[in-house]
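See structure below.
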Amino acid sequence: MAKPIVAIVGRPNVGKSTLFNRLVGERRAIVEDMPGTTRDRVYGTTDWGGIEFTIIDTGGLQDDREIETESLTEIARNTRNQAQAAVDEADVIVFIVDAKNGITAGDHEVADMLRRAHKPTILAANKAESSERRDGVFEFYELGLGDPIAISSYHGTGTGDLLDKIVEALPEAEEEEELEGPKIALVGRPNVGKSRLLNALLGQERSIVSDVPGTTRDSIDTQVTWAGQPVTLIDTAGIRRRGRVEQGIEQFSVIRSMRAIDRSDVVLLVIDATEDFTAQDLHIAGYVEEQKKGIVIVINKWDLIEKDAKTMDEYRERAREQLDFVPYAPMVFVSAKFGQRVNQVLDTALMVVAERDKRVPTSALNTLLRDAVAAHPPPSKPGKWLKFYYATQADVAPPTFVFFCNDPAQLHFSYKRYLENKLRDAFSFTGTPIRLSFRGREDER
């Protein structure tokens, strides 16, 4: 089920990133006391009252006069485009204003833009630490966006009331039509060849069962039969925005990819072989890893690369350096235009589905744990040795393993990575993240 999306918008330096960090519970957005620090969108997931949703931190929106004084710089235009894209795709908008400096002409312009969006909008007056500032937030009624909520992102005051308002404004979860088989999403930047790849996949000899609307806004899910197995393809390539598309906004498509990723079992991340990896490619891959979905890296337009016997291995090595946080992801080199190796794409995706559902016998898992600890004992404090008792697999999709030991607090992240590598060496788990949980004896119940 795709999570609803909440976008935080406002002028520069009103405290959007501080609020974002407060709500997601970690310092992910860079916070500096200078305008324009956040230029790209930053994504995080939080929940309130048992309802989970995605939050987007956007760059500061400047009014036309402010941008003109900067000669319509590329940074200002891109920041505005990204914020507009977040507004277009969001389910709820949180508009942050500055209670310390009061209402400005820029606030009026942002408010006008948000009214045109016709989205539920919550007005939050930030930096309202003192009673005097809290009393002064009523001047923001002038913006015509309803009751302003006085908050302090830095101190956390008022954020509970803000979250209550957000959850109240979120749309009801859409009923998703259950289709047979695993769900495989095609994601990636525009113009990397997703549409052509989808057409090449659909052009193979097999039956197309149905096209049904998906819960992702304006998308179409296509159910096909591949190698005798039903598969649902979630397409982000063919999405068309309602109404007119502003020039420059369409290029920012991460949010749509996120919605598709949320609903998928395995993600096909399509990369253009003729271009370097971009921040957007890494954003998408990072979100796949965070959501613990399976992943296949599809290197498209391979026909345009001048090749020798080492080209593919060299490219694979460079890609591994860029995508070092998903070292388990298989790569398929294709030309969607000419159909080269296209049949390997879904074959590999279905292999990843099988890896996600793999179960390891408890006896084999504990033999691996015993041998791993004997070969490389865990670092321990003097006089208090870290001991492992046993391990078990708790779940699949993704594979989840629980290790019981005497003191989980002693366990260093490097040893966790060592155990994960041992699991992969022994049982592969190609294309899927795995979860490791470490518990003390008192947690055995």
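The values are calculated or read from the model by the stated rules, or taken from the named source; none is laboratory data. These figures come from a predicted structure and were not determined experimentally. Cβ atoms come from the backbone with ideal geometry, glycine included; neighbour counts cover every protein chain shown. Ligands, DNA and RNA are stripped out before the accessible areas are found, and what is left, the full protein with its side chains, is counted by its heavy atoms. Shrake-Rupley method; radii C 1.70, N 1.55, O 1.52, S 1.80 Å.
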> Take the residues of the range 300-337 that are part of a loop (DSSP other than H, G, I, E, B) and of a type in the set (Phe, Trp, Tyr): which is least open to solvent (accessible area, probe 1.4 Å)?
Replying inline: Tyr328
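Residues checked against (1) open to solvent by 40 Å² or more (accessible area, probe 1.4 Å); (2) touching a strand residue (DSSP E or B) at 6+ places or on another chain (Cβ under 9 Å); (3) modelled with pLDDT under 55:
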{"residue": "Ala29", "(1), (2), (3)": "no, yes, yes"}
{"residue": "Asp33", "(1), (2), (3)": "yes, no, yes"}
{"residue": "Thr45", "(1), (2), (3)": "yes, yes, no"}
{"residue": "Thr54", "(1), (2), (3)": "no, yes, no"}
{"residue": "Glu70", "(1), (2), (3)": "yes, no, yes"}
{"residue": "Arg80", "(1), (2), (3)": "yes, no, no"}
{"residue": "Val92", "(1), (2), (3)": "no, yes, no"}
{"residue": "Phe95", "(1), (2), (3)": "no, yes, no"}
{"residue": "Thr104", "(1), (2), (3)": "yes, yes, no"}
> Among the candidates Gln344, Gln340, which residue alone is surrounded by fewer than 17 Cβ atoms within 10 Å (Cβ to Cβ), over 23 Å from Asp262 (Cα atoms) and touching a strand residue (DSSP E or B) at 6+ places or on another chain (Cβ under 6 Å)?
Replying inline: Gln344
> Does the range 164-171 contain any residue that is in contact with a strand residue (DSSP E or B) (Cβ under 9 Å, 6 or more places away or on another chain), modelled with pLDDT under 90 and open to solvent by 20 Å² or more (accessible area, probe 1.4 Å)?
Replying inline: yes
> Which members of the range 320-336 meet the condition of being in contact with a Leu (Cβ under 8 Å, 6 or more places away or on another chain) and under 18 Å from Pro398 (Cβ atoms)?
Replying inline: Leu323, Ala329
> Out of (1) within 31 Å of the chain's Cα centre (by Cα); (2) surrounded by fewer than 15 Cβ atoms within 10 Å (Cβ to Cβ), what's the single condition that is false for Lys127?
Replying inline: (2)
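A quick yes/no check of all residues on (1) closer than 23 Å to Ala273 by Cα; (2) of a type in the set (Lys, Arg):
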residue	(1), (2)
Glu317	yes, no
Asp324	yes, no
Pro330	yes, no
Lys358	no, yes
Pro361	no, no
> Looking at His376, is it closer than 14 Å to Ser437 by Cα and modelled with pLDDT of 90 or more?
Replying inline: no
> Are any residues in the range 393-406 open to solvent by less than 50 Å² (accessible area, probe 1.4 Å) and not in a loop (DSSP other than H, G, I, E, B), and if so, which ones?
Replying inline: Gln393, Thr400, Phe401, Val402, Phe403, Phe404, Cys405
> Looking only at residues in the range 352-392 that are touching a Ser or Thr at 6+ places or on another chain (Cβ under 7 Å) and under 18 Å from Gly294 (Cβ atoms), which one is surrounded by the most Cβ atoms within 10 Å (Cβ to Cβ)?
Replying inline: Val352
> Is it true that Ser219 is modelled with pLDDT under 85, open to solvent by 50 Å² or more (accessible area, probe 1.4 Å) and hydroxyl-bearing (Ser, Thr, Tyr)?
Replying inline: no
> Which residue, of Val296, Val288, is under 19 Å from Asp347 (Cβ atoms), at pLDDT 90 or above, touching a strand residue (DSSP E or B) at 6+ places or on another chain (Cβ under 9 Å) and not basic (Lys, Arg)?
Replying inline: Val296
> Right, Asp91: under 16 Å from Leu19 (Cβ atoms), among the acidic types (Asp, Glu) and touching a helix residue (DSSP H, G or I) at 6+ places or on another chain (Cβ under 9 Å) or not?
Replying inline: no
> within 30 Å of Leu323 (Cβ to Cβ) and either in a strand (DSSP E or B) or hydrophobic (A, V, I, L, M, F, W, C) (or both), is that true of Ala409?
Replying inline: no
>> Just checking, does the range 226-235 include any residue being assigned to a loop (DSSP other than H, G, I, E, B) and at pLDDT below 90?
In response: yes
> Does Thr430 satisfy being surrounded by fewer than 17 Cβ atoms within 10 Å (Cβ to Cβ) and within 21 Å of Arg359 (Cα to Cα)?
Replying inline: no
